[in-house]
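Since the structure comes first, as structure tokens, the remarks are kept for the end.
What follows draws every value from the coordinates through simple rules; no lab data is involved. Just so it is clear, the model here is predicted, and its values are computed rather than measured. In this analysis, Cβ positions are derived from the backbone assuming ideal geometry, glycine residues included, and neighbour counts consider all displayed protein chains.
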Amino acid sequence: MCSRAGPRWCWCWSCEWREGRKEKTILFEPSISGGELFDFIAEKENLTESEAIEFMKQILLGVGFMHSKQIGHFDLKPENIMLSAKMAPNTDIKIIDFGLAHRFQPGEEYKCMSGTPQYIPPEVINYEPLSTAVDMWSIGVITYILLSGMSPFQGDTDEETLRNIIALNYKFDDHHFSMTSAMAKDFIQKLLVKDQNERITAEECLQHPWIKPLTRKQVANRNRSSINMKNFKRFNAKRKWKMSYNMVWVCNRLHRLKMICKTSALADEELRQCESDQEDTETKPSSLIRRRLSSSS
């Protein structure tokens, strides 16, 4: 049995054993009852940048700890950022779903084409060697969405979204970023960098003036700014609808596969029965011939 956990992220405990010829595994997941962070925020009437920063700070602490262990998550997105408890005085954030995570070995060249289109960086699309900087790009996208309620690279199709990412086709539209501070935009720009070696790390993010203001003026500018709640609520509602649609599609797909397997199993059983009947009809003449041969001798 083993467990892996950090201050802002958690894996599950696993127990494996062999029963006859079969290997069985039970996964024990820690209790996370607060739901998704974005759902929690969407319930609020308004949210200042200072409040949003407290959430981002926790995410960065978790990602920074992960990266210090040479682990990349590779699927950071709103669905994988949860609250340990909704009603706690100080909301505790947990990063979940390490299904695509990878621990880097010294000198290793790791490539992988997986992840959620909206949140993956150019190097994943181009099938280039990856690093923990993949997660930093995703944090840039999440921050952009959190502040504006818009996805920076979202197209009408996944193909268009991927083209926008490769072309670095995004902007800070005044209509959606009218209440956003210049420091917040600078923070995002330092993360949405095409060259992964030029992206700031989690540690550098925590020292950025937007997260850690250096002057009173920076603090004042941050406190006067707020996120676009109208757009954010609309984005979150659309996101939840898409998740529900995908879930229904998967369930229908599984149901169809189950019916196909059941039909196939019945067909196989009928085929085996036919083969058995055929064997019976073949054995009777053979037995008769053998009996006749033995009697004639």
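Can you order the peptides 35-44, 68-77 by their average number of other Cβ atoms within 10 Å per residue, highest first?
68-77, 35-44
In the structure displayed, which of K69/K94; K57/K171; K185/K212 lie more than 20 Å apart, Cα to Cα?
K57/K171
For the stretch 135-219, state which trypsin sites (Lys or Arg not before Pro) are in a DSSP loop and have at most 10 other beta carbons lying within 10 Å of their beta carbon.
K171
Using modelled amide H (1.01 Å from N, peptide plane; none on Pro or chain starts), what sits under 5 Å from the amide H of K94, excluding residues fewer than 5 places away?
Amide H neighbours of K94, under 5 Å, 5+ apart: M82, L83, S84.
Read phi for every residue in the stretch 130-147 and hand back ³J(HN,Hα) as whole Hz from Karplus 6.51 cos²θ - 1.76 cosθ + 1.60, θ = phi - 60°, with x for Gly and Pro.
Once rounded to whole Hz, the list reads 9, 9, 5, 5, 4, 5, 5, 4, 4, 5, x, 5, 4, 5, 4, 5, 4, 7.
What list of ³J(HN,Hα) values in whole Hz, one per residue of the stretch 38-49 in order, does the Karplus curve 6.51 cos²θ - 1.76 cosθ + 1.60 (θ = phi - 60°) give from phi, with Gly and Pro shown as x?
Karplus-based 3J(HN,Hα) across the stretch 38-49 equals 5, 5, 4, 5, 5, 7, 7, 6, 8, 8, 7, 4 Hz.
Please give the Cα centre distance for the stretch 41-89 versus the stretch 103-150, rounded to the nearest Å.
So the two Cα centres are separated by 17 Å.
Going by C-beta contacts inside 10 Å, put H102, H175 in order with the fewest on the left.
With the sparsest Cβ surroundings first, the list reads H175, H102.
Fewest to most neighbouring Cβ within 10 Å: what's the order for C261, C112, C205?
Final ranking by Cβ density, sparse to dense: C261, C112, C205.
Just want the ordering: E45, E204, from fewest to most Cβ atoms lying within 10 Å of their own Cβ.
E45, E204
Are there GluC sites (Glu not before Pro) in the stretch 107-201 that DSSP marks as loop and that have at most 12 other Cβ atoms within 10 Å, and which are they?
Sparse-neighbourhood loop GluC sites (Glu not before Pro): E108, E109.
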